[in-house]
Amino acid sequence: MRIEMSLKDHSYDILLDHGAILQLSVEIQKWYKGKRIFVLTDKNVYGKHGGSLENVLSDFIVEFVVIEAGESSKSMSVYEYVLETLLDKQMKRGDLLITFGGGVVGDLGGFVAATLYRGVPYIQIPTTLLSQVDSSIGGKTAINSHKAKNMIGSFYQPKLVIIDPNYLKTLSDFEYKNGMAEVIKSACIGDTILFDKLLNGEIKTLEMIERTLLVKKKVVEMDEFDLKERMYLNFGHTFGHALEKQSDFEIAHGFAVAEGMLIALEIGEKIGITPKSIRKSLKLILDKYDLGLYNAKPIPLIEDVFYDKKNIQGELNMIFLKSIGNSVITPVTKEVLYECYNSQTLK
Ligand SMILES: NC(=O)c1ccc[n+]([C@@H]2O[C@H](COP(=O)([O-])OP(=O)(O)OC[C@H]3O[C@@H](n4cnc5c(N)ncnc54)[C@H](O)[C@@H]3O)[C@@H](O)[C@H]2O)c1
């Protein structure tokens, strides 16, 4: 299926299907007149799928740039390495870059595309569940500073996104679960049918990816530059990020977000926004997908929560649920958080 991301100046298509990768070459030839294509990927993805991507791109001369897998590649040094390698390979302005991998490759490659020659066209081919449902669409690109994640980046939209769930067959269970947290989050903030289907365990991967993407597409189209509605996507992330930090990143993102969603629901209950029944259902879903981390130790610190870059003049915009599919952005002060959060014996 073809889904259009409709943005003011740079709309693009998202192709989603089992086997969608087979359409890559034809899609590129619709608008790309060059012969050379540069592919940024990591060692794992290159090892498992590099050969088949090269076959699909047999009409072109393909040059791979392969980096180490993992978050540490979203760094200044790897960014510089990729830029210099592309220049050594004589990539020209207007040549096409493909990012082929998970969110790390997508975020780094997107930032390379945004900045090399002040912008070259790029295509996202996400290969993890997280990148297929979330990071490959919306145009947020970034690398990390030593101080915090995603501090250096830009909004830069791809020309095309190809999502082929067949890539998920080689993904580890652990990485799959990480991505599931974002699926569940999207269901909470924007899709009651998805929420019910997850609760009943009755959903196929393709439909799950499509529904999750549509939630993100809707908010990105309303708010490309993350000034308002896009914040809904942060549901569960305020406390989730603090928990990741507090655990020294031992707790993976998806598990931290899962816990962060439960904390946000509990605070929402205490300030009279969220009905109690939601937390019960969410716990059932998290258990179903093996994402329960209840009574997480260490407990995220309010001070870390307030370090969030969305803290504006002593108030933090948090996302709460009024009901499934109906989220609200509500500013909370540190005092309110201390009152709600410290007084609770977690769960
Ligand atoms: N730009 C955005 O809007 C946005 C949104 C959410 C997250 N992110 C970013 O995404 C990143 C996390 O992405 P991720 O979870 O995809 O992690 P990742 O890119 O590190 O991939 C996880 C692991 O899976 C491996 N892998 C990838 N595809 C595979 C496949 N098909 N088969 C086997 N192994 C495979 C990778 O080599 C890696 O080891 C973070 O840096 C986060 O900040 C960005």
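Each value in this text was obtained by applying a stated rule to the coordinates, not by laboratory testing. This is a predicted model, so every value here is computed, not measured. Quick reminder, even Gly has a Cβ in these numbers, built from the backbone with ideal geometry, and neighbours come from all protein chains shown.
Which of the lysines could be linked to K334 by a straight reach, that is with a Cα gap under 16 Å, when you skip same-chain ones fewer than 8 residues away? Within the straight-line cut-off, K334 pairs with K270, K309, K310. Extension gain for D9 to Y81 (0.36 nm times residue separation, less C-alpha to C-alpha distance): 22.9 nm.
Mean residue ellipticity, 222 nm, helices only, the chain: the sum of -39500 (n - 2.57) across DSSP H runs of n ≥ 4, divided by residue count and rounded to 500, is -11500 deg cm²/dmol.
Each listed q (0.09, 0.18 Å⁻¹) maps to a log10 I(q)/I(0) for the stretch 173-342 from the Debye sum over equal C-alpha point scatterers, namely -0.27, -1.17.
Taking a straight Cα-Cα cut-off under 18 Å and skipping sequence neighbours fewer than 8 places away in the same chain, the lysines within cross-link reach of K177 are K169, K185, K197, K204, K283, K288. Run down the aspartates and glutamates and flag those whose C-alpha is under 19 Å from the C-alpha of K276, throwing out any fewer than 8 positions away in its chain. Leaving aside aspartates and glutamates fewer than 8 places away in the same chain, those within reach of K276 are D191, D196, E259, E266, D287, E339. Averaging the sequence gap over all C-alpha pairs within less than 8 Å and six or more residues apart, then dividing by the number of residues, gives the stretch 173-342 a relative contact order of 27 percent. Entry note: the stretch 103-209 has Rg to Rh equal to 1.02, where both radii use alpha-carbon atoms and Rh is the Kirkwood radius.
Among beta bridges from DSSP that stay inside the chain, the antiparallel ones total about 45%.
Computed from the Cβ-Cβ distance with R0 of 35 Å, the FRET efficiency linking E339 to N150 stands at 0.70.
When all alpha carbon pairs of the stretch 173-223 are counted in 5 Å bins from zero, the resulting P(r) reads 5, 20, 32, 25, 12, 4, 1 %.
Give, to the nearest whole percent, the P(r) tail of the chain beyond 29 angstrom, counting all Cα pairs. Pairs farther apart than 29 Å: 38 percent.
Among beta bridges identified by DSSP and lying wholly in the stretch 1-98, the antiparallel ones come to about 30 percent. Percent of Cα pairs in the stretch 26-90 per distance bin of 5 Å, from zero to the largest separation: 4, 15, 24, 21, 20, 12, 4, 0.
Across V56, V65, V328, mean-square fluctuation computed from a Gaussian network of the chain (C-alpha pairs under 10 Å connected) peaks at V56. Applying a length cut-off of 20 Å (Cα extent along the axis) and a mean Kyte-Doolittle floor of -0.5 to the DSSP H helices of the chain leaves 173-190, 205-222, 253-270. When the chain is treated as a Gaussian network with alpha carbon springs shorter than 10 Å, the biggest mean-square fluctuation among K159, K177, K147 belongs to K147.
With the gyration tensor restricted to C-alpha atoms of the stretch 2-170, the semi-axes of the equivalent ellipsoid amount to 21, 18, 17 Å, longest first.
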